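After the structure tokens below, expect a handful of questions from me.
The values are calculated or read from the model by the stated rules, or taken from the named source; none is laboratory data. All figures in this text were calculated on a predicted structure; none of them were measured in a lab. Methodologically, a virtual Cβ is constructed for each residue, glycine included, from the backbone with ideal geometry; neighbour enumeration extends over all protein chains shown. Ligands, DNA and RNA are excluded from the accessible area calculation, which covers all protein heavy atoms including side chains. Shrake-Rupley method; radii C 1.70, N 1.55, O 1.52, S 1.80 Å.
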Amino acid sequence: MNRSLKEIGTYSIFGIPTTVRSDDEAIAAALSEELSCYPKTSEGPTYEINILDELESASFETRNPKQHDSRANGFQMEGRMSKMHWQWSEQTCRVDLSIKEFGFLLRQLYRAAHRQNTTRSEMAGQILHEGLLIPHLLVSERHALLHASAIARPGSRDIICVGGTGGSGKTSLMLQACLEEGWSFAADDISVFS
């Protein structure tokens, strides 16, 4: 299906000018709300992210049988929840992203297992951050990542990070501090430092 792209906005995400567009109104609405925590910018984008219903077919130079195709100016990856086509030019990195739609039965199983994101619009923000933006920071000279939740002390700019392995209680402790002790949410699971 060919629908026109709606520009959600150009934001300074981790200091990187990033333009985000979608051809799906529900995804555009969800991301518009989620990305509102980042400052808007008028700078030309370094990243262009297009969230599309389907990705156009492209020829590949080499193929990993499981999930990766190399192309002349980038690569394409396919995962369980999405497909991404990365392309580089001299000034920008463009990523076309297609989020897979779960069938009715799988959505119901995910809901029964208390999984929050079961529709394309609910998954868009998670995939955008965990699949595109956070991995970029792994090679950034200006940023550091910490597997930790973070909370801000009331009336202060002090931040406390709580690290640990999966399932050790980072999110639970962060939620308790915010809901019962008056602390402010800063980050959940991945904290970015600059």
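Applying the Karplus parametrisation 6.51 cos²θ - 1.76 cosθ + 1.60 with θ = phi - 60° to the phi angles of the stretch 153-158, what ³J(HN,Hα) value in whole Hz is obtained for each residue in order, glycine and proline being reported as x?
Karplus values, whole Hz, x for Gly and Pro: 5, x, x, 9, 9, 5.
Further, regarding this structure: Largest first, how would Lys40, Lys6, Lys83 line up by accessible area (1.4 Å probe)?
Numbers: Lys40 140, Lys6 110, Lys83 60 Å².
I get Lys40, Lys6, Lys83, largest accessible area first.
Beyond 23 Å, what percent of the Cα pairs of the chain remain? Could you put the intermediate results ahead of the total?
Details: 9845 of 18721 pairs.
Taking all Cα-Cα pairs of the chain, the fraction more than 23 Å apart is 53 percent.
Grab the other residues whose beta carbon is less than 13 angstrom from that of Pro154, score K and R as +1, D and E as -1, and report the net.
Cβ neighbours under 13 Å give a net charge of -1.
For Leu179 and Leu146 in the same chain, what is the full-extension length gain: residue separation times 0.36 nm, less their Cα-Cα distance, in nm?
Residue separation times 0.36 nm, minus the Cα-Cα distance, leaves 9.6 nm.
Sum up the charges of everything whose Cβ sits under 12 Å from the Cβ of Ile49, counting Lys and Arg as +1 and Asp and Glu as -1, but leave Ile49 out.
Details: positive: Arg21, Arg94; negative: Glu7, Glu48, Asp96.
Taking every other residue near Ile49 into account, the sum is -1.
Could you give the size of the charge dipole of the chain about its Cα centre, using +1 on the Cβ of each K and R and -1 on the Cβ of each D and E, expressed in debye and rounded to the nearest 20?
Dipole size: approximately 380 debye.
If a/c stays under 1.5 just call it rounded; otherwise compare a/b with b/c (prolate if a/b is bigger, oblate if not). Do that for the stretch 112-194, with a ≥ b ≥ c from the square roots of the Cα gyration tensor eigenvalues. Write down the numbers at each step before the final one.
Numbers: a/c = 1.87, a/b = 1.12, b/c = 1.66.
Verdict is oblate for the stretch 112-194.
Follow-up. Using a 1.4 angstrom probe with every protein chain in place, what is the largest-first accessible-area order of Arg142, Arg94?
Most to least solvent-accessible, the answer reads Arg142, Arg94.
Could you go through the stretch 43-49 in sequence order and give the Karplus-derived ³J(HN,Hα) for each residue, using 6.51 cos²θ - 1.76 cosθ + 1.60 with θ = phi - 60°, rounded to whole Hz, and x for Gly and Pro?
3J(HN,Hα) across the stretch 43-49, in whole Hz: 5, x, x, 8, 10, 10, 10.
Apply the membrane-span-like helix rule to the chain: whole DSSP H runs, Cα extent along the own long axis of at least 15 Å, mean Kyte-Doolittle hydropathy at least -1.0. List the helices found.
170-181
Let me ask something else about it. Which value, in Å² and to the nearest 10, is the accessible area of Phe185 when all protein chains are kept and the probe is 1.4 Å?
130 Å²
I want the local charge near His136. Using Cβ-Cβ distances under 14 Å, sum +1 for each Lys or Arg and -1 for each Asp or Glu among the other residues. Before the final figure, lay out the partial values.
Values: positive: Arg94, Arg142; negative: Glu48, Glu130, Glu141.
Local net charge: -1.
Taking 0.36 nm per intervening residue step and subtracting the Cα-Cα distance, what contour gain separates Ser36 from Glu56 on full extension?
In short, 4.3 nm is gained.
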